[in-house]
Structures are given as structure tokens and as C-alpha cells.
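Single-structure report; data block below.
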Amino acid sequence: MAAVRRYQILDTPPDGAFDRIAALAARIFEVPMATVAIVDTDRVWFKATHGLGGMAQVGREPGLCASAILHGEPYVVTDAVADGRALANPLVQGELGIRFYAAAPITTSDGQRLGTVNVLDTRPRRPTEAQLDALQDLAALVMDELELRLSAIRTVTAERDRRAEAEHLARTLQRTLLPPALPLVPGLRTAAAYHTATAQEVGGDFYDLFPLNDGRWAFFLGDVCGKGADAAALTSLTRYTLRAAAIYDPDPCAALANLDTVLKGEYQGSSPRYCTAVFGVLTPLLDGSFDITLAGGGHPPALAVRADGAIHPLSTAGGQLIGMLPRPRFVQTTTRLFPGDGLLLYTDGLTEARTPEGTMLGEENLIRHLAAAAVRTADDLLETVEVLLKRLGEGVSDDTALLALSVPADSDNRTQENR
């Protein structure tokens, strides 16, 4: 019974290969009925039948199938009403009135008999040796089919387990490349998310937000080239280099320049490893607003979302890839976030996603989508973009990192104080 369970064949749907074997057995013996039978604990289940009118199983009474599996060679009942082994079997005494029965065991390589290939008739018969040899060959064919099927099941299971393991490792590694949670910044709301395009590979997008020693805050978001282990190593190096660079010199352009130097030194003599990034510094002001200095290296512009509903890019156009060029140029800009304003940073997995019409989403469509949703807070920004990514579905072919900041409006502050 353990062998029967191992082959996972019981109660599976009809299969053409087994149906053909049953039909061929009936043709060889010139009988009206044949089956491919698997013997269970309390029943004989038919994987295939020929001439039995859809019968799926019978009880495990002795005399026919249940007795045949006790023998390692063909089991033959030439006339059931004259054979004490089979006389009481329901197939003999019932409506079918079986008189002739012959079976060859379906035997595993380690000698376990799973069931039989059977031929049946309502008339007594005496089979030839050639017919019985053919019946054994058919039983061996059934065993071959079961082995092939089991091999396929194991392959699929192993692949599924491999994918599950890869997904688990990717999720675990991805978590180590991102901050476990964003810190609380007084007077500011923050939100971040990472949307993976494939669960099996580690992506190269990253973000972070952390305090500086002088009361200001630094943040960055970017995207390294490639995927998998190499991208993970580059992401880790990039993230911690930017943190260290900010402590040494928090000027955004200087931080990106330091990262450029480190990447070139680390990968000297090998294929260039590069990334895009936006690096910013937040300076809190007495009126509750924040000054922002932002530098970009080859990265899409951040989007400033104003309290009046206006949305416009903070252009760092002209900023070049980090780690690729001999003397790259980084472009810096400044802005202020007033109460009610927000800022969205994203990687190009968002704007390069394909719409149902097959065109790229692009920056303009993203702005229109945010404007239509009337986003106000960091949470609003994040939720709106995540809904958009879900709607785009398979059109999203690359990972997307999101970082949103917002300054609560005065009414939001009063509501929070009342709570």
C-alpha cells in the first residue's frame, strides 16, 4: 500500500495511454472487457476500463483482482463457476456474470505489486501462452507509464520546491538590503514600499532615510544594474557607501561623487557596475516646512505634490550614471515642502511599465494619475501608486522602489493633536 501511495495514481483522471492498454488487451484476447486496476486497501480502482460501461471501482473481494496481486505471474480463471477461488466474487455472481478472467501483475522494480492488467469475458476461455506473455508485456508498459508519471511529478515538485526556496531566499535577502522600517521624522510623514516584478530574483532597487548629526535628515533612492546575487552585493555596497558618505559630507552631489569613486575602485578591472540614484537632505524650518536639497545621477526626477493639487518634477536632468563614466556630472536642485506638500521618489520600474495598450506609462501619465487621485499625504501617494502597479499587472516588468514624504497640513496636525 505504501508503494501504491508513492505513485499517486489513485483517483486520477482518465489517461489515454492507460485506456489504449486496456483496449489492446481486450483485442489480443478477443474478449469484450479489460481493465487496468490498482488495488487499494478496501477497493479495486480502475485506472482504465474497456467494455465496462463506466464502472470505476469494485470491492476488494477475493477471487479475481484482489487474489491476482498475490501472485508474481499471470493469474487465470478459465471458468469462474467451476473455480472455487472466484465463485463467490460479485463480478461472477452479479449482473456481469464473469466466467473468464486473466490478469498480469503491475510490479514495481522492488517487487511490489500495485494492481493488474485484466481481461474478462462472460464465456469460459483458455488463453494461449502467447496471449499471457502479451498480457505481462502490457502490465510492464503500465509500470513504465507509472514510473514516467512519478518522475514527472517529482520533477515538478522539485522545481516547485526550488522556486519556493528561491523566493524565500530572495525575500530574505531583499529585506536585508532595505531598512526594516523608516525612522520617525518630527513634523514629517514618510512611507516606502518595494514592488517586486519576480519573486525568484533579488532586485537592485534601494531606498533609505536616516538622521544626520546636525538635526537634518538624509534620504536616497536608486537602482543598480542587474539582478540576483551580483545586484544584491552592489545594492548593499551602494546603500552603506551612501550612508557613510553622508556622514563624511552630506552635500548631495558630494555623496554621489563618493559613491562613484567607491564603485569604480571596487569593480576596477572587471565589467563596470553602475547605478542611478537620487540623494536628498531635509532641513526642518521653524514654520513647519522643510528645505530640500536634491541631487540626481541618471535617475528619474522626484515629483513635488503641492497642497493646491499641482504636481511637477524636480528635474535633475543631466545627472549621469554612477560608477560608469570617467568624470560623471551630478545635477542638484532645491525646493521647499510647505504644510500640505508631498514628495514622491520612484525607480524606473514604475514609469517604464506597460499599459494595457502596450505603451510605457511614462512620467506624464504618472502625474495625471496622481492628480486624478487628489493625493495629499505620503500614505496617499504610496497607496495610489501601488494600486496603479496592481492594475498594470504583467505590464510591470521591473522592480519598483517607492519613497514618499509629506508635511502634514495645519488641519492634519490639529486632528493628530486631538487624537
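Coordinate-derived values only; no laboratory data. Quick caveat: nothing in here was measured; it's all calculated off a predicted structure. Cβ atoms come from the backbone with ideal geometry, glycine included; neighbour counts cover every protein chain shown.
Using a/c under 1.5 as the rounded threshold, could you call the range 284-419 rounded, prolate or oblate? The axes a ≥ b ≥ c are square roots of the C-alpha gyration tensor eigenvalues, and prolate needs a/b larger than b/c, oblate otherwise.
Judged from the Cα gyration tensor, the range 284-419 comes out oblate (a/c at least 1.5, b/c at or above a/b).
Taking R0 as 60 Å, what's the FRET efficiency between GLN136 and ALA229 from their Cβ-Cβ distance, rounded to 0.05?
The calculated FRET efficiency here is 0.70.
Please list the helices of the chain that count as membrane-span-like by this rule: a mean Kyte-Doolittle hydropathy of at least -0.5 together with Cα atoms stretching 27 Å or more along the helix axis, each helix being a complete DSSP H run.
Result, helices passing both filters: 129-176, 228-248.
Efficiency by 1/(1 + (r/R0)^6): what FRET value for THR157 and ALA197, r their Cβ-Cβ distance, R0 = 35 Å, to the nearest 0.05?
Working: r = 26 Å, r/R0 = 0.73.
E(calc), rounded to 0.05, equals 0.85.
Can you give me the C-alpha center-to-center distance between the range 383-404 and the range 335-364, rounded to a whole angstrom?
10 Å
Which net charge results when you count Lys and Arg as +1 and Asp and Glu as -1 among the other residues whose beta-carbon is under 12 Å from that of PRO326?
Computed value for this residue: +2.
Arrange MET1, MET324, MET55 by Cβ neighbour counts within 10 Å, fewest through most, would you?
Ascending number of Cβ neighbours within 10 Å: MET1, MET55, MET324.
Counting each DSSP H run of 4 or more residues in the chain as -39500 (n - 2.57), what helix-only mean residue ellipticity at 222 nm follows after dividing by all residues, to the nearest 500 deg cm²/dmol?
Here the helix-only value at 222 nm equals -11500 deg cm²/dmol.
Please compute the modelled spin-label separation between GLU383 and THR334, points set 7 Å along Cα→Cβ, answer in nm with one decimal.
Reported label-point gap for THR334 and GLU383 is 3.5 nm.
Give the separation of the Cα centroids, the range 191-247 to the range 67-83, in Å.
Rounded to whole Å, the Cα centres lie 73 Å apart.
Classify the range 177-418 as rounded, prolate or oblate, taking a ≥ b ≥ c as the square roots of the eigenvalues of its Cα gyration tensor: rounded when a/c is under 1.5, otherwise prolate if a/b is larger than b/c and oblate if not.
oblate
Report, ordered by chain and residue number, the aspartates and glutamates lying within cross-link reach of LYS47, taken as a straight Cα distance under 20 Å and ignoring same-chain residues fewer than 8 apart.
ASP11, ASP15, ASP19, GLU61, ASP121, ASP137, ASP144, GLU145, GLU147
At a Förster distance of 35 Å, what's the computed FRET efficiency of ARG243 paired with ALA307, Cβ-Cβ distance as r, to 0.05?
Computed FRET efficiency for ARG243 and ALA307: 0.65.
For the pair THR128/GLN268, report the inter-label distance in nm, with labels modelled 7 Å from Cα in the Cβ direction.
8.6 nm
Looking at the chain, identify the longest residue range that excludes and avoids all GluC sites (Glu not before Pro) in DSSP loops having at most 16 other Cβ atoms within 10 Å. Walk me through the numbers on the way to the answer.
Numbers: sites that count: GLU30, GLU95, GLU352, GLU357.
With a cap of 16 other Cβ atoms within 10 Å, the longest stretch comes to 96-351.
Suppose the chain between ARG27 and ASP291 were pulled fully straight at 0.36 nm per residue; how much longer would it get relative to their current alpha carbon spacing? Before the final figure, lay out the partial values.
Working: separation 264, 0.36 × 264 = 95.04 nm, distance 8.86 nm.
Value of the extension gain: 86.2 nm.
Please say if the chain is rounded, prolate or oblate, where rounded means a/c under 1.5 for a ≥ b ≥ c the square roots of the C-alpha gyration tensor eigenvalues, and otherwise the choice is prolate for a/b larger than b/c and oblate otherwise?
Prolate shape, in that a/c is at least 1.5 and a/b is the bigger ratio.
Starting from the Cα of LYS390, draw a straight line to each of the lysines and keep only those under 24 Å, dropping any in the same chain fewer than 8 residues away.
Cross-link targets: LYS227.
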